[in-house]
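Trainee: Quick one: the structure is below, questions incoming.
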Amino acid sequence: MTFNGYGVWAIYRFEMARALRTVWQSIVTPVITTALYFVVFGSAIGSRMTEIDGVPYGAFIVPGLIMLSLFTQSIFNASFGIYFPKFTGTIYEILSAPVSSLEIVIAYVGAAATKSAVLGLIILATAALFVPLQILHPVWMLTFLILTATTFSLFGFIIGIWANGFEQLQMIPMLVVTPLTFLGGSFYSIDMLPPAWRTVTLFNPVVYLISGFRWSFYGSGDVGIVWSVLATFGFLIVCLGIVFWMFRTGYRLKS
């Protein structure tokens, strides 16, 4: 079976067009939220906490803020993208169309990851208006940005297939992902925690993603860069395995 590039492009273009129809929700709102974080954390806390690992506090929180938006937007874009066809019943048209399961995943996840990565770059540009930034490893920064956007878009795709209602779409991002992000060193270094709590925090997978992304900026992180890369790829592989199982069994897709 040949690769149906036209079918993939059609789904991808439709999902990207949906983002353009909701520019305020997709782009403007996250940027305003990020600016408020800088006002609150950068000004209020930054005036009392000048530097962390030799990096000004306002600049230190930039990678964490980008990751926070990247996680939530990747999950939202991908989960809503695949859930809405289930909700309206058009998912059966997609499943019966001459596109394979892999092509469907590439289209939906690719569109969600693209929107999230673009948003991450916009937030990065917004952050540069508030604090001086340096990116020591720009290639690694883009790699982590794209890899994280893709991984969490896959995770969101899984949530969209699993969810039976709009409430379930929001449950995992609100009750699981957001708390893990705030406890994963977004606004502080885990080295500042007591030894016992630091050990507990190391079981939080988000720590490794944020640490690796922060390393690409400043050359230092809470955990080694190798562990960050392995954790990111590990999560990606797990998500791919779950998506493969869902399509192979038809879990909540054909019933």
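The values are calculated or read from the model by the stated rules, or taken from the named source; none is laboratory data. Please read these numbers as outputs of a predicted model, since none were measured by experiment. Methodologically, a virtual Cβ is constructed for each residue, glycine included, from the backbone with ideal geometry; neighbour enumeration extends over all protein chains shown.
Trainee: Got a sec? Which helices (runs of 4 or more DSSP H) wholly within region 128-223 have at least 3 residues that are touching a helix residue (DSSP H, G or I) at 6+ places or on another chain (Cβ under 7 Å) and not aliphatic (A, V, I, L, M)?
Mentor: So the answer is 138-162, 205-218.
Trainee: Residues LEU129, LEU121: which one is surrounded by fewer than 15 Cβ atoms within 10 Å (Cβ to Cβ), at pLDDT 90 or above and of a type outside the set (Lys, Arg)?
Mentor: Residue meeting the stated conditions: LEU121.
Trainee: Looking at TYR218 and the list (1) among the aromatic types (Phe, Trp, Tyr); (2) within 19 Å of LEU136 (Cα to Cα); (3) within 17 Å of the chain's Cα centre (by Cα), which single condition is not satisfied?
Mentor: Every condition holds for TYR218 apart from (3).
Trainee: A follow-up question, please. Looking at (1) of a type outside the set (S, T, N, Q); (2) part of a helix (DSSP H, G or I); (3) in contact (Cβ under 8 Å) with a residue 24 or more places away in the chain, which is the only condition VAL28 fails?
Mentor: So the condition that VAL28 fails would be (3).
Trainee: Among the numbered criteria (1) among the hydroxyl-bearing types (Ser, Thr, Tyr); (2) more than 30 Å from PHE3 (Cβ to Cβ); (3) without any contact (Cβ under 8 Å) to a residue 60 or more places away in the chain, which single criterion is violated by THR34?
Mentor: Failing condition for THR34: (3).
Trainee: While we're on this one: With the condition kept exactly as written, say whether any residue in region 77-86 is among the aliphatic types (A, V, I, L, M), within 23 Å of PRO132 (Cα to Cα) and within 24 Å of the chain's Cα centre (by Cα).
Mentor: no
Trainee: Okay, next question. What's the total number of residues in region 234-243 that are free of Cβ contacts under 8 Å to residues at least 40 places away in the same chain and either surrounded by 13 or more Cβ atoms within 10 Å (Cβ to Cβ) or among the charged types (D, E, K, R) (or both)?
Mentor: 2
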